[in-house]
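All remarks here apply to the structure that follows.
The values are calculated or read from the model by the stated rules, or taken from the named source; none is laboratory data. Predicted model, so just to flag it, every value in this text is computed and none were measured. Backbone-built Cβ (ideal geometry, glycine too); neighbour counts: all protein chains shown. The area values use the complete protein model at the heavy-atom level, side chains included, leaving out ligands, DNA and RNA. Shrake-Rupley method; radii C 1.70, N 1.55, O 1.52, S 1.80 Å.
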Amino acid sequence: MTSFPEYLDIDYTDGENESPEDYPSLEDKIEKAVEITLQGLEEYENPAIMWTGGKDSTLTLYFVNEVVEEFGYEMPPTIFIDHFQHFDELLDFVEHWADEWDLEVIFARNEDVGEYVDEHDLTPGDDIPIDALNEHNQHHVRDLLEYEEDSFPFLLDTYVGNHLLKTVALNDALEEYDVDGIFSGIRWDEQDARADETFFSPRHDPDIYPPHDRIQPILQFDERAVWDAFWYYVVPETVEGFPDDGYVPQSYDDLPNDLTHADIPISPKYFEGFRSLGSEVSTEKAEEEPAWLQDLEETTERAGRAQDKEDLMERLRDLGYM
C-alpha cells in the first residue's frame, strides 16, 4: 500500500463532539453525506463499500452511487461479510440488487472457520476447538482477544465468534484487495460505542488490522432519518413506477402501483417487523408492523440482538469491528 496514510489530506476531527441534532433537517443530513462521500472518492486511491444488505449500508451505497454518477468516479467494489449465519432472504436481497445495480461484490469469509464447520457438519452453537484453527486465527483469539478457553461456540453474536467471523474476515479482505478507505454505514445514535466516531475514522495500527480509514457518510442520521431518506429519496429515485413525491407503506403488502418486494431496494425483513438484521440465529423481529412504523424514538433499535456482543462493542471496535 502506498505509504499510507501520508498521501491523504483528511480532517480526522470532522464530526467531533457532534450528534444528529447538529444536522436538524433531512436535507442537512443528506448534504453532509454527499460531502463526505465526495471527499472519500477524491482522497482514497482504492476505496470499497461495506455492504451488509441492511438499511444503513444500503443507504451509504446509494450515496456513493449518486456521487459516482454525478462526478464521474469509478464505482468502488462492495465488501459483503459472509458470516455463515445470514437470513436466506438477506442473501437473496444482496444477490438480486448486486445484479440490478451491476455491483462488484467481494465476499469476505473466514474460510478456515467455514471449512471446519462444513467438515464437521456443525450447527450454530456447536463448539469449535481453538487448536483446530490455523495460526492466523489462533493469533487473533489468543493474542488479540486474550481468550483462554479451549473452544468457542459457533455463534455470530459472541465475543470470539463475532471477531473471527466478521472482523477477521473483513480485515483479511481489506488486506487482500489493498483497500485504503472503506465506506461504512454506522451511525452515532446506534450504540454508545459509536457516539464518538468521526466522519473519517483511522485504523492505522498494523499489529491489529491492515492500515485503512473508515469513511462514514451517515453518522449524522438517526433511525427515523434513514427511513425518511429511503421513502422520499432512495426508493422514488431508483424504482420505476414509485410515486415521485414518496410513499410510506403501512404494511407488508402495501406497495403502490402493483410493485412487489423484488422492485424495492429494502429487505423484506424490515417489512416483517425486524429493525436489525444480525443473523438468523440470534436476531428476532421487534414487532409485527414494518420497522419504520414502530416507535423508533422510545425503543432500542438493536433490542432483538443477542447481547454478549453488544456489551463488548467498544472492545470489539478497537480490534476492527464496524
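Numbers for the structure displayed
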{"read-out": "Set 214, 187: member being under 18 Å from residue 13 (Cβ atoms), basic (Lys, Arg) and open to solvent by less than 10 Å² (accessible area, probe 1.4 Å)", "value": "214"}
{"read-out": "Subset of the range 205-257 [at pLDDT 95 or above, more than 20 Å from residue 51 (Cα to Cα) and of a type in the set (Gly, Ala, Ser)]", "value": "241, 251"}
{"read-out": "Residues satisfying the stated conditions in the range 217-226, i.e. open to solvent by less than 10 Å² (accessible area, probe 1.4 Å), under 10 Å from residue 187 (Cβ atoms) and assigned to a loop (DSSP other than H, G, I, E, B)", "value": "218, 219, 220, 221"}
{"read-out": "For residue 276: the one exception among (1) open to solvent by less than 30 Å² (accessible area, probe 1.4 Å); (2) modelled with pLDDT of 95 or more; (3) under 21 Å from residue 192 (Cβ atoms)", "value": "(2)"}
{"read-out": "Within the range 67-90, considering residues that are in a helix (DSSP H, G or I) and without any contact (Cβ under 8 Å) to a residue 60 or more places away in the chain, the one surrounded by the most Cβ atoms within 10 Å (Cβ to Cβ)", "value": "67"}
{"read-out": "Selection status of residue 177, among the hydroxyl-bearing types (Ser, Thr, Tyr) and more than 23 Å from residue 75 (Cα to Cα)", "value": "no"}
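Okay, residues lined up against (1) part of a loop (DSSP other than H, G, I, E, B); (2) at pLDDT 95 or above; (3) open to solvent by 70 Å² or more (accessible area, probe 1.4 Å); (4) of a type in the set (D, E, K, R):
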position	(1), (2), (3), (4)
2	yes, no, yes, no
7	yes, no, no, no
15	yes, yes, no, no
28	no, yes, no, yes
32	no, yes, no, yes
36	no, yes, no, no
39	no, yes, no, no
42	no, yes, yes, yes
45	yes, yes, yes, yes
